[in-house]
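The values are calculated or read from the model by the stated rules, or taken from the named source; none is laboratory data. Remember, predicted model here, so these are calculated numbers, not experimental data. Positions of Cβ are backbone-derived with ideal geometry, glycine not excepted, and every protein chain shown enters the neighbour counts. These accessible areas exclude ligands, DNA and RNA; they are computed on the full protein's heavy atoms, side chains included. Shrake-Rupley method; radii C 1.70, N 1.55, O 1.52, S 1.80 Å.
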Amino acid sequence: MSDNQNTLSEFLLAFLKDKPQYSGLKEVIISIGEGTKNVNQQVQQGAIVDALGTTGDTNIQGEIVQKLDKLSSDTFVNVLSKTEKVAVIGCEEIERPVIAGTSENHSYIVLMDPLDGSSNIDVAVSIGSIFGIWKRNSLENVDEATLLRPGNEQVAAVYIVYGSSTVLVTAIDKSVQGFTLDSTTNIFMHTHKDIVIPQECPYYSTNEGNFEDLEPNTKEVVLSLRNSYSLRYVGSLVADFHRNLLKGGVFLYPGDVKRPEGRLRLMYEANPLGFVVEQAGGMATTGKERILDIIPEQLHQRTPLILGNTDVIKKIVATMNN
Ligand code: P6P
């Protein structure tokens, strides 16, 4: 460890101390870090602690619930609620919003995908957790409508990738920072300072198995990407996004003839990662509009998602709309 590395808590204390508008945000992000340690422990132990496989239930999405989906959802609802800074939590795994508190101190709204990449859990491939954080207007009611805020009103976003190492990334106030969980001390250490997406773009990430279902212009985009970049596709959004953020690249889950709205969720996948990539100098779009400008209508609504290097994304958008 280099001698100038500090911890997640030390970074947040220093970065937010002169920013009263973010009062309470440090506690919210630290609670996500604490919840991550619990989820990480279950992820790393996997079959040993019977954390793999399904619960036998299906969720609001009609998807089979993995044990780790429920464990991570319960864990993060618990730690976020205990901060007494979060009024309401929206979660991919839970149909209705979780009302955690309505006092003036409960000033944040959190939307989360607690365990992203469920299909990879049982085969030890990287998975993740995603959080979008909004400031609640203190006098407003706390209900589902409270959650339906455009991504451009987020005050912060956090994601975690449980990979060859466990990395937590924060985006706050035009600053993107990465913290690696030190497995010997169980402390998040500041290892990736001032993340900016590289200019060069070596990779593209998309499910090529959907190619035949794509609209003609989108097919043209993919054919062009094939000729210019290397395909890297994990099948876990957070893992594909994190690699492209650090190394350069573009990720595409566009709409197609079968699913015009695409597969991914606006509120707790596209919005938080769109916030991160923009703060790191990248771009996030549906192919027709900026992700963060979408006015949400439903908590679990889907959206096409194309995000990564700005220059390449601009060319993709031009091709999709010519
Ligand atoms: P497909 C995982 O289930 C997920 O929600 C994202 O993490 C990932 O990018 C996508 O779905 C993969 O979908 O259709 O390629 O299997």
Check: Are any of the residues in region 273-288 among the charged types (D, E, K, R), outside the structural domain of I130 (by TED's automatic domain parsing), in contact (Cβ under 8 Å) with a residue 60 or more places away in the chain and over 29 Å from D194 (Cβ atoms)?
Finding: no
Note to self: Of the conditions (1) open to solvent by 10 Å² or more (accessible area, probe 1.4 Å); (2) closer than 23 Å to F211 by Cα; (3) more than 16 Å from the ligand (Cβ to nearest atom), I295 satisfies every one except a single condition; which number is it?
What the structure shows: (2)
Margin query: Just checking, does region 150-162 include any residue being at pLDDT 95 or above, in a loop (DSSP other than H, G, I, E, B), away from the ligand (no atom under 16 Å from the Cβ) and open to solvent by less than 20 Å² (accessible area, probe 1.4 Å)?
Written below: yes
Next item on the list: Quickly run through region 227-248 and pick out the residues that are touching a Leu at 6+ places or on another chain (Cβ under 9 Å) and either of a type in the set (D, E) or outside any helix (DSSP H, G or I) (or both).
Entry: L231
Next item on the list: Among the strands (runs of 3 or more DSSP E) lying completely within region 1-116, list those that include at least 1 residues that are open to solvent by 50 Å² or more (accessible area, probe 1.4 Å) and either assigned by TED's automatic domain parsing to the domain that holds Y162 or under 22 Å from A145 (Cβ atoms) (or both).
Entry: 54-58, 64-66, 94-99
Notebook entry, point to check: Which of the following residues is in contact with a Cys (Cβ under 8 Å, 6 or more places away or on another chain), within 13 Å of the ligand (Cβ to nearest atom) and touching a residue at least 12 places away in the same chain (Cβ under 8 Å): Y268, Y229?
Noted result: Y268
Item checked: Extreme residue, farthest from the ligand (Cβ to nearest atom), among residues of region 232-265 that are at positive phi and open to solvent by less than 10 Å² (accessible area, probe 1.4 Å) -> G248
Notebook entry, point to check: Limited to region 194-226, what total is found for residues that are more than 23 Å from V125 (Cβ to Cβ), part of a loop (DSSP other than H, G, I, E, B) and within 16 Å of the ligand (Cβ to nearest atom)?
Noted result: 1
Check: Here are G46, G90, G53: which of them is touching a residue at least 40 places away in the same chain (Cβ under 8 Å) and under 17 Å from the mean Cα position of the chain (by Cα)?
Finding: G90
Next item on the list: Might you let me know whether region 126-137 holds any residue that is outside any strand (DSSP E or B) and either more than 15 Å from the ligand (Cβ to nearest atom) or in the same structural domain as P272 (by TED's automatic domain parsing) (or both)?
Entry: yes
